[in-house]
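Taking it in order: structure first as structure tokens, then the write-up.
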Amino acid sequence: MLVIQDVLISEDILEEQFHCNLNACKGACCREGDYGAPVTQEEIRQIQDILPELEPFLSETSVELLQSQSPFMYYKNPGVWGTRCHQDGSCVFLVKGKDGIARCSIENAFQQGAIQINKPISCHLYPIRISKNEIAGFEAWNYDRWDICNAACTLGKEKQMPVFRFVKDAIIRLKGEEFYDELEAAYAFIKDGK
């Protein structure tokens with residue numbers, strides 16, 4: 001573990017290689033798992049505010065679900081608020097393209113300029129997962145290994161793409177340029193020491 005500003009960071013985030021390979025996994029992380037994407041209270045408020053603008057980007061089944069239920073729910077285990085899921089486990093914000101790849105309707109709307117916010121930071125940062133201990137006052141970042149991402153690990157090795165560089169935009173969005181620059185410096189230090 002290393003410490004950057006107020007965050008404990010697993011060295012795996014610097015040492016492991018990762019690059020999403022949507023052609024291989026078809027966006028499986030949006031369809032599989034035990035609960036929806038973790039969201040902050042601020043993200044819940046922001047997304048609820050832009051639901052009307054999001055509707056054209058959603059699937060018909062998601063629009064129908066959201067007419068009767070909130071897009072978010074509390075998941076007792078692991079004790080987080082997250083996006084609601086359909087009965088098949090897919091995120092309510094998932095939309096499948098003609099190519100069969102699942103994508104985030106929030107991200108699609110953001111990229112097309114229809115809304116001003118991007119997908120939840122937990123999705124944007126993946127495969128980094130953040131855990132917080134409010135009592136002890138620390139935040140820890142870990143690399144989340146999931147077998148559905150094996151193709152992403154293979155592609156990451158081919159591209160020589162460390163995890164933290166793959167999610168550079170998300171890190172800067174969450175923590176700022178200075179934090180990211182400190183990660184780069186730690187990476188260079190570790191690499192030079194080997």
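Over the chain, the hull volume per residue, using the convex hull of the C-alpha atoms, is 133 Å³. Here the 3J(HN,Hα) profile of the stretch 88-103, calculated from phi with Karplus coefficients 6.51, -1.76 and 1.60 at θ = phi - 60°, is 7, x, 7, 4, 4, 8, 6, 9, 9, x, 4, 7, x, 8, 7, 10 Hz, Gly and Pro shown as x.
Converting the Cα gyration tensor eigenvalues of the stretch 27-118 into ellipsoid dimensions via √(5λ) gives semi-axes, longest first, of 19, 16, 12 Å. Over the chain, with a Gaussian network built from C-alpha contacts below 10 Å, which listed residue (Gly113, Gly36, Gly27) shows the highest mean-square fluctuation? So, out of Gly113, Gly36, Gly27, the one fluctuating most is Gly113. Of interest is the spacing of the C-alpha centroids, which for the stretch 124-194 and the stretch 1-70 amounts to 16 Å. When shorter helices are ignored and each DSSP H run of at least 4 residues is given -39500 (n - 2.57), the per-residue value for the chain at 222 nm works out to -10500 deg cm²/dmol. Pairs exceeding 24 Å between alpha-carbon atoms, taken from Lys76/Lys98; Lys96/Lys132; Lys96/Lys119: Lys76/Lys98; Lys96/Lys132. Note on Leu2 and Asp34: the model spin-label points, each 7 Å out from Cα along the C-beta direction, lie 3.2 nm apart. Net charge of the neighbourhood of Ile148, taken over other residues with C-beta under 12 Å away and scored Lys/Arg +1, Asp/Glu -1, is 0. Peptides 157-170, 174-187, 117-130, ordered by how many other C-beta atoms sit within 10 Å of their residues on average, highest first, read 117-130, 157-170, 174-187. If you plug the beta carbon distance of Ile50 and Phe179 into 1/(1 + (r/R0)^6) with R0 = 22 Å, you get a FRET efficiency near 0.25. Simple rule: put +1 on each Lys or Arg Cβ and -1 on each Asp or Glu Cβ in the stretch 28-90, find the dipole, and look at Gln48, Val63, Gln87; the Cα lying farthest toward the positive end is Gln87. Among residues other than Ala102 with Cβ under 15 Å from its Cβ, the summed charge is +2 (Lys and Arg +1, Asp and Glu -1). Annotation: amide H of Phe72 within the under-5 Å range of Arg84, sequence separation 5 or more or interchain, hydrogens built in the peptide plane.
Its residue count N fixes a reference of 2.2 N^0.38 Å for the stretch 79-125, and the Cα radius of gyration divided by that reference is 1.22.
Near the amide H of Glu11, within less than 5 Å, lie the amide hydrogens of Leu2, all on another chain or at least 5 residues away, with H placed in the peptide plane.
Using the Karplus relation 6.51 cos²θ - 1.76 cosθ + 1.60 with θ = phi - 60°, the per-residue 3J(HN,Hα) values for the stretch 107-117 come to 5, 4, 5, 5, 5, 8, x, 7, 9, 9, 10 Hz, with x marking Gly and Pro.
Bear in mind these aren't lab numbers, they're just calculated from the coordinates by the rules spelled out. Owing to the predicted nature of the structure, the values given are computational and were not obtained by experimental measurement. Cβ sites come from the backbone with ideal geometry, for glycine too, and all protein chains shown count toward neighbours.
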